[in-house]
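Worksheet for the structure shown next.
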């Protein structure tokens, strides 16, 4: 049986560093208050003219380099984003063009902050079905273009960035199966209004009225989302561990969506995960939506926190609502 192995990781962050003082000023709050409430000290914002595909292409090249692969070996490009370069064509097609791997499948996934794990699940299915052997899964977000600087619920949280993995289907005859053990996807569309961009789609197209009402920016009901996120992620993690018969003490590293420092600490506390086994980059990069999980994973790999043979637990939660978990033996 083919097993989906992660053979390379990469990430890309814009050069511009935005500290808490800059986002705090329009809100009339202190930089210290932001860090206390969110765990964030700074985030990165894209430069003028820098789009999601630019960050995605850079992260993808780094992942390919880490994997020792040429772009010509990629059989498919799956890209998660809710801040695409444009409505269509897909941002994945821009990345495919930039890499020069013509003719292979390329498409976007829109599952908000859970999008990377949704994309990884699709790559797994494509490998198992025999459609592809090597796949690039990337998540890229430029959320700074969709923020209202006067909205305390969102202005302090979000940053820009991209993360990518190269995955390959390999025969695995070892006693302990390596690679992706499983991914479980979930959604609850009845709570779609907890985080959204109200206008700009076919239901409420862009118009002078929507622009005047400032309806093209991210809106979030933070308190409600926080409570649901902690419960759903905790339960989903417990479910996948039980399904595979794995105890939390066997997990080498836990890599979760970097939504908010308080969510990370609460989920870790409820699950009994010590600080040294919880990857956190939220303090440096903020919430980069679907890109946050692969960015954090790349940081853990490059820092030596994830090594061959480790069991790695992945988890995410975001708009839709969507949430997902995954287990990987590195």
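The values are calculated or read from the model by the stated rules, or taken from the named source; none is laboratory data. Remember, predicted model here, so these are calculated numbers, not experimental data. When we count neighbours, we look across all protein chains shown, and the Cβ atoms used for this are built from the backbone with ideal geometry, even at glycine.
Overview of results
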item	result
Matching residues, region 9-37, being surrounded by 22 or more Cβ atoms within 10 Å (Cβ to Cβ) and not in a loop (DSSP other than H, G, I, E, B)	9, 10, 11, 12, 23, 34
Count of residues meeting criterion [assigned to a helix (DSSP H, G or I), within 15 Å of the chain's Cα centre (by Cα) and either closer than 14 Å to residue 44 by Cβ or not assigned by TED's automatic domain parsing to the domain that holds residue 222 (or both)] in region 260-283	1
Residue among 253, 258, 266 that is within 22 Å of residue 144 (Cα to Cα) and in contact with a helix residue (DSSP H, G or I) (Cβ under 6 Å, 6 or more places away or on another chain)	258
Considering residues of region 285-309 that are outside any helix (DSSP H, G or I) and in contact with a strand residue (DSSP E or B) (Cβ under 6 Å, 6 or more places away or on another chain) only, the residue surrounded by the fewest Cβ atoms within 10 Å (Cβ to Cβ)	305
Criterion: crowded, with 20+ Cβ neighbours inside 10 Å, touching a residue at least 40 places away in the same chain (Cβ under 8 Å) and assigned to a loop (DSSP other than H, G, I, E, B) - qualifying residue of 121, 83	83
Flag if residue 211 is assigned to a loop (DSSP other than H, G, I, E, B), more than 25 Å from residue 32 (Cβ to Cβ) and free of Cβ contacts under 8 Å to residues at least 40 places away in the same chain	no
Selected residue (criterion: surrounded by the fewest Cβ atoms within 10 Å (Cβ to Cβ)) from residues of region 174-196 that are in contact with a strand residue (DSSP E or B) (Cβ under 7 Å, 6 or more places away or on another chain) and in a loop (DSSP other than H, G, I, E, B)	176
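To keep it simple, each residue is scored yes or no on (1) without any contact (Cβ under 8 Å) to a residue 24 or more places away in the chain; (2) under 16 Å from the mean Cα position of the chain (by Cα); (3) under 30 Å from residue 216 (Cα atoms).
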position	(1), (2), (3)
72	no, no, no
76	no, no, no
88	yes, no, yes
95	no, no, yes
98	no, no, yes
107	no, no, yes
112	no, yes, yes
127	no, no, no
131	no, no, no
